[in-house]
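Colleague: I'd like to ask some things about the structure below.
Coordinate-derived values only; no laboratory data. From a predicted model like this one, the values you see are computed outputs, not experimental measurements. As a convention, Cβ positions derive from the backbone with ideal geometry for all residues, glycine included, and neighbour counts pool all protein chains shown.
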Amino acid sequence: MPEKKVILELQDICVGYSEPIVRNVSLKVEENTIWSLIGGNGAGKSTLLKSLFGLTRCFSGTLLLDGAPIQNLSPAERVRKGMGIVPQGRCNFPLMSVRENLEMGAYTLSHSEAKRAMERVLQMFPVLRQKLGESAGNLSGGEQQILETAMALETGPRVLLLDEPSLGLSPKMQQEVFENVESLRGEGLTVIMAEQNILGSLMISDRAFVLDLGTKLMEGAAREVLEDPKIKVAFLGADPEEAVE
């Protein structure tokens, strides 16, 4: 099989706020893959994800999208280049209807483009069509997560960044969110997902990148990372002696 094209590349980047939080990270992300970004609390997962979208300071290194540097571009410019993000926590307009939220998600598009974009995401997520007239704040947590993902998809990103998409959801809704994320690969998207549900995330991912205190601990095929004894002990509650067997 031919090798997949590298759509996003991190070259020795150091990113953070007043000082670097994530240091010397290099990574090649192939198109049409799902990546799990995992690590403990404070490992730098959200910081790294935000840095890809231009929401943190890049102290050094290079970030390439389709081979072109984007580390100095604004978030709006990165959207135009083909990136989208769904931040951690609720990020919709709760007092506005689902339809109005979808209109806001497509506000940078022309009228005809916005109409097509809305129809496209409604076909992807039929539950939203049934809720168009309801206030976003009245939806369940899982439905709000789906709405926010749909809003991000309306601009047609090729790389979608998801920060803790299953946080605070019931096990049933977590499973639905993961199924929706997995379906995006079939739409030709590349997804990078920071997620506290390590098992659920790795089960649907192609690759995984593990952060520890802002530095790279491990990278590899998701199933291989899942079977790694250190990961089992650190994140899945395995007994150290049993995990090594």
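Colleague: Once the principal axes of the Cα atoms of region 167-228 are found, what is the range along each, listed largest first in whole angstroms?
Modeller: Reported extents, whole Å, longest axis first: 30, 28, 21.
Colleague: Convert each backbone phi in region 50-55 into a coupling constant with the Karplus relation 6.51 cos²θ - 1.76 cosθ + 1.60 (shift: θ = phi - 60°), then list the ³J(HN,Hα) values in order as whole Hz, x for Gly and Pro.
Modeller: 4, 5, 5, 9, x, 9
Colleague: Quick one: net charge around LYS28, please, counting Lys, Arg +1 and Asp, Glu -1 for every other residue with C-beta under 12 Å from its C-beta.
Modeller: -2
Colleague: How much space per residue, in cubic angstrom, does the convex hull of the C-alpha atoms of region 102-245 take up?
Modeller: 129
Colleague: Please give the FRET efficiency for GLN175 paired with GLU227, using the beta carbon to beta carbon distance and R0 = 22 Å, rounded to the nearest 0.05.
Modeller: Taking R0 as 22 Å, the efficiency between GLN175 and GLU227 is 0.55.
Colleague: Please work out the Kirkwood hydrodynamic radius for region 1-93, using every pair of different C-alpha atoms, and report it in angstroms with one decimal place.
Modeller: 14.0
Colleague: Which distance in nm do the two modelled labels at SER60 and SER183 give, with both placed 7 Å along the Cα-to-Cβ direction?
Modeller: Roughly 4.5 nm, to one decimal.
Colleague: Can you compute the modelled spin-label distance between SER26 and CYS91, with each label point 7 Å from Cα toward Cβ, in nm?
Modeller: 2.9
Colleague: Tally Lys and Arg at +1 and Asp and Glu at -1 over the other residues with C-beta under 10 Å from the C-beta of GLN145: what net charge comes out?
Modeller: For residues surrounding GLN145, the net value is -3.
Colleague: How much of the calculated P(r) for the chain lies past 22 Å, in percent of all Cα pairs?
Modeller: Tail of the P(r) past 22 Å holds 54 percent of the pairs.
Colleague: Hey, rough spin-label estimate for LEU199 and HIS111, points 7 angstrom out along Cα→Cβ, what's it come to in nanometres?
Modeller: Simple spin-label model gives 5.2 nm for this pair.
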